[in-house]
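Trainee: Following this message is one structure expressed as structure tokens.
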Amino acid sequence: MDITDFYDTFFEEADELLAEMETHLLDLDVDQPDQERLNAIFRAAHSIKGGAGTFGFEALQRTTHLLENLLDHARRGELQLRRDIVDTFLEAKDMLNDQLDAYRQGGEPDPEALERICETLRRLALEEIGESADVEGAGAAASGAATAPAPAPETAAPAPAGGRFRVALLGVADKDRNLLIEELGQLGDIEGQDGDDTEYRVTLKSSLSADDIEAVMCFVVEPEQLSIQALSAPDDGGDPQPDEESGAGAVAEQSAVQAKSAGEETAAAAPRADADTDSRARAAPKKAAKPQAAGESTSIRVPVAKVDQIINLVGELIITQSMLNQVAEDSDTVKDGALVTGLNLLQRTARDLQEAVMSVRMVPMDYVFSRFPRLVRDLAGKLGKDVELVTEGKSTELDKGLTERIIDPLTHLVRNSLDHGIETPDRREAAGKPRTGQLTLSAQHQGGNILIEVADDGGGLNRERILAKARSSGLAVSDAMGDDEVWQLIFAPGFSTAEEVSDVSGRGVGMDVVKRNIQAMGGHVEILSKPGQGTTTRIVLPLTLAILDGMSIRVGREMFILPVSAVIESLQPGADDLYSLAGGDTLLKVREDYLPVVAVHHAMDVAGAITDPTRAIAVIVQGEGRRYAVLVDDLVGQQQVVVKNLETNYRKVPGVSAATILGDGSVALILDVSDLHRLAQSKKDNRIFGNVSQLVEEVEPS
Amino acid sequence: MSNATALQHTVAVETGSQEFLVFSLGDEEYAIDILKVQEIRGYENVTRIANAPDFIKGVANLRGVIVPIVDLRIKFRLAEANYDEQTVVIVVNIAERVVGIVVDRVSDVMTLTAEQRKPAPEFGLSLPLDYIHGLGNLDDRMLVLVDIEKLLTSEEMALVEEAGE
């Protein structure tokens, strides 16, 4: 699979997020903004930014980044909202829509529009919060501020193409810096360079515009780490370097420089005009290409509920069709050739239909996992870390509805692991670990659940830091809390132990969103962490939407389903291999092992089942790490079954994970291998004390 | 409160009359709010659930939806629980759940005006008072108006998991 395969998904997700953002913005009460709403708006922007970053949609990422910063201030109450601010947000949202459309059609968003909106957002940040929205803004905001004195704003908006630039790299490490300088060398002639780690200045002569240079650089560094300044004349390279910290003042100074350059260089108008026509010329073929590429998205996004309904109806159709077949076969009337042919045709079509509908929902986890190699590679590069990505269980099939919803949480987790979990190669080496960190993504069906794990071999979570941070955020904590409880703290909204905010992670939205999304799917998240050894985040999702490879078994006159994944083998127990123990337990000797025996008819109270173990069939199963033998009357067959949640309309049933519908339309229960053993155990204990029903009741709420 | 119930209340307030589905359990006639009823079907293909109370007959497939089937006759010892051709399951929608209740016979749908509805007596009924709206008077027939939502979501029906689990 190629990353472009996921563009459509991203576009659809982004469309939804934008629509959501708009709804929230429109409903926002500016005087008393609802915190949840602000969080939701912020999260939408954050998610889009993340996706845009992954797919390299640079304009989109820039715009959302600026917007997100403002929203972040708004939700912290540092930005007093007004109607016109919300209007600006809405305008930005519309612009994001336009950008998405442009990307969707294989083009690039209108650069002028991009500058305009970025400038608007920066100015808003400047006016309302007194800081430039991002440090990169300092350079660009200058052009924004310059629009005030400049009589014709539209000429000032696009940065002049060509000329000399002062490119300052702020806080860029050696390794990246060399890379960047090399990159700059390809963009033009480097006339001079000096500086240190905190600030490194390069004077560049290039035919490109400052924006183009920035666009290239942004693949390697954060926009905040970059300041690009146009130099008016070759000899005033000695201009004082504006101090990044001084904020507005520096910007004003810069704008003066900018204005001067605009004023003095009257000749610049000509090259600028040239550049304009040039860019227009470049844009022209793209516009011409649009009609063909105008491919409205080739997929339709359908609510899972609708697909569910179709699946249910198709199931009914199949059952009705088998019933008709039965009637035709039983009927004494003359076999009508046309009727038989018709029924056969109906049967075939119905089966095809069922398969087609099923396939709509099921996708292998590969669909999710295959978007991560790129993400991991890019992020690891950005963060200066060596990371190897390992994926397991790629063929585990999962309902599309779930895969789509699991992508965002997984992305957050992977980002977190890379950013905070896995250490830099040097630190790893110092800790006696291989320089290359390992990130493992795995998926498997287990105990009636789907288990998806994101595991890294990094430094693990820092208990003290989490506790300290929790205290400072006003959460109720104590030192006596168990590790599990402490780990759960990181799911609190706004919680982040990262010292710096980057566009990788560290705003504290990540884990909050992860937990919400997973809970919305009816699942839960667990964190396992060992200092120095790494962190594993385990997502457990219920089977609700999943399909299961099931083995149908018969006990008495009842049918049950055992998950094939839990079945190891089946055999006919010989009398010599069975050992009865005092207290009612039976052990079955399988080769070298003695396995406990659980009779389904006993656990599930089935009447009329085979009670003599030597006449029954023992299915060896594995659940929660322990193996035991399940006694059944007969193995009927193996089939894929659609898992239906019992809890939707009923409640949890002991020993049962879910239910499914068999070919004849009846319901069969899917046995939960780990729970079945517990159930059998509790029933046996009860028998000793003579009160069966009561203890079973107590087992239920597990 | 769902939209349907809200609507039904408005209707009830405006006209004072309300529609009920009437069914019988043994010799007694009961009525439930028609807006709670999704459909009526025969009693068939019910899969038993082990270790559940005896009045929970099991689960059935309702066009792909798994629905628990409850026999009120057993729960409240109202009548012999026979299952024959006449046995009917009323599928109701309550608290965003779908539940089937086994009844002996469904007779008809009736509109009861406010005057025809009386408060329930303090004693003498087979069902606990908590689950009864009142009594309906229709000529010489007496209908027990059941609050089916309250009944089926009650703890003793063990249909819904208690909160916090």
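Trainee: Determine, yes or no, whether B:ILE56 is touching a residue at least 60 places away in the same chain (Cβ under 8 Å), β-branched (Val, Ile, Thr) and within 14 Å of chain A (Cβ to nearest Cβ). Don't jump to the end; show me each part of the working.
Mentor: Numbers: touching a residue at least 60 places away in the same chain (Cβ under 8 Å): yes; β-branched (Val, Ile, Thr): yes; within 14 Å of chain A (Cβ to nearest Cβ): yes.
When the stated conditions are applied, B:ILE56 passes them.
Trainee: Before we move on, is A:GLN105 polar (S, T, N, Q) and at pLDDT 85 or above? First the steps, then the outcome.
Mentor: On the way: polar (S, T, N, Q): yes; at pLDDT 85 or above: no.
Spelling it out, it is not the case that A:GLN105 is polar (S, T, N, Q) and at pLDDT 85 or above.
Trainee: Scan segment A:58-78 residue by residue and report those that are under 20 Å from the mean Cα position of the chain (by Cα) and among the polar types (S, T, N, Q).
Mentor: At the first step, the residues of segment A:58-78 found to be under 20 Å from the mean Cα position of the chain (by Cα) are A:58, A:60-61, A:64-65, A:68.
Correct list: A:GLN61, A:THR64.
Trainee: If you don't mind, another one. Take A:ASP672 and decide whether it is away from every other protein chain (no Cβ under 11 Å) and buried (at least 17 other Cβ atoms within 10 Å of the Cβ). Walk me through how you get there before you give the answer.
Mentor: Details: away from every other protein chain (no Cβ under 11 Å): yes; buried (at least 17 other Cβ atoms within 10 Å of the Cβ): yes.
Considered against the rule, which asks whether it is away from every other protein chain (no Cβ under 11 Å) and buried (at least 17 other Cβ atoms within 10 Å of the Cβ), A:ASP672 comes out as yes.
Residue-wise test of (1) modelled with pLDDT of 90 or more; (2) out of contact with any Cys (no Cβ under 6 Å at 6 or more places or on another chain); (3) over 16 Å from B:GLU29 (Cα atoms).
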| residue | (1), (2), (3) |
| --- | --- |
| B:PRO68 | yes, yes, yes |
| B:THR113 | no, yes, yes |
| B:MET142 | no, yes, no |
| B:SER154 | no, yes, yes |
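Trainee: Need at least 3 residues that are under 24 Å from A:GLY421 (Cβ atoms) and among the charged types (D, E, K, R) per element, so show me which strands (runs of 3 or more DSSP E) inside segment A:293-400 make the cut, counting only ones lying wholly within it.
Mentor: Ranges flagged: none.
Trainee: Please go through segment B:59-84 and give me each residue that is in contact (Cβ under 8 Å) with a residue 40 or more places away in the chain and more than 8 Å from chain A (Cβ to nearest Cβ), ordered by number.
Mentor: Within segment B:59-84, B:VAL70, B:LEU72, B:ARG73, B:LYS75, B:PHE76, B:ARG77, B:LEU78, B:ALA79, B:GLU80, B:TYR83 qualify.
Trainee: Taking segment A:631-660 as the region of interest, how many residues are at the interface with another protein chain (Cβ under 8 Å from one of its Cβ atoms), surrounded by fewer than 22 Cβ atoms within 10 Å (Cβ to Cβ) and farther than 26 Å from A:ILE311 by Cβ?
Mentor: Summing the residues that are at the interface with another protein chain (Cβ under 8 Å from one of its Cβ atoms), surrounded by fewer than 22 Cβ atoms within 10 Å (Cβ to Cβ) and farther than 26 Å from A:ILE311 by Cβ in segment A:631-660 gives 0.
Trainee: Can we say A:GLY663 is within 14 Å of another protein chain (Cβ to nearest Cβ) and surrounded by fewer than 21 Cβ atoms within 10 Å (Cβ to Cβ)?
Mentor: Details: within 14 Å of another protein chain (Cβ to nearest Cβ): yes; surrounded by fewer than 21 Cβ atoms within 10 Å (Cβ to Cβ): yes.
When the stated conditions are applied, A:GLY663 passes them.
Trainee: For segment A:6-45, enumerate the residues that are of a type in the set (Val, Ile, Thr) and over 17 Å from A:ILE300 (Cβ atoms). Break it down into steps so the answer makes sense when it comes.
Mentor: Here is the first cut: in segment A:6-45, the residues of a type in the set (Val, Ile, Thr) are A:9, A:23, A:30, A:41.
Result: A:THR23, A:VAL30, A:ILE41.
Trainee: Does segment A:606-614 include one or more residues that are within 14 Å of another protein chain (Cβ to nearest Cβ), among the aliphatic types (A, V, I, L, M), within 16 Å of B:ASN51 (Cα to Cα) and touching a residue at least 40 places away in the same chain (Cβ under 8 Å)?
Mentor: Applying the first criterion (within 14 Å of another protein chain (Cβ to nearest Cβ)) to segment A:606-614 yields A:606-609.
Now drop any that are not among the aliphatic types (A, V, I, L, M), which leaves A:606-607, A:609.
From the residues that got through so far, the ones that are within 16 Å of B:ASN51 (Cα to Cα) too are A:606-607.
Of the ones still in play, those that are also touching a residue at least 40 places away in the same chain (Cβ under 8 Å) are A:606-607.
Yes, because at least one residue in segment A:606-614 is within 14 Å of another protein chain (Cβ to nearest Cβ), among the aliphatic types (A, V, I, L, M), within 16 Å of B:ASN51 (Cα to Cα) and touching a residue at least 40 places away in the same chain (Cβ under 8 Å).
Trainee: Are any residues in segment B:92-108 closer than 14 Å to B:GLY42 by Cβ and more than 10 Å from chain A (Cβ to nearest Cβ), and if so, which ones?
Mentor: The initial filter retains those residues of segment B:92-108 that are closer than 14 Å to B:GLY42 by Cβ, namely B:100-106.
Of everything in segment B:92-108, those that are closer than 14 Å to B:GLY42 by Cβ and more than 10 Å from chain A (Cβ to nearest Cβ) turn out to be B:ILE101, B:VAL102, B:VAL103, B:ASP104, B:ARG105, B:VAL106.
Trainee: Does segment A:456-478 contain at least one residue that is at pLDDT 85 or above, more than 24 Å from A:VAL513 (Cα to Cα), of a type in the set (Ser, Thr, Tyr) and surrounded by fewer than 18 Cβ atoms within 10 Å (Cβ to Cβ)?
Mentor: no
The values are calculated or read from the model by the stated rules, or taken from the named source; none is laboratory data. Remember, it's a predicted structure, so these values are computed and weren't measured experimentally. Note that we place each Cβ from the backbone using ideal geometry, even for glycine, and neighbour counts take in every protein chain shown.
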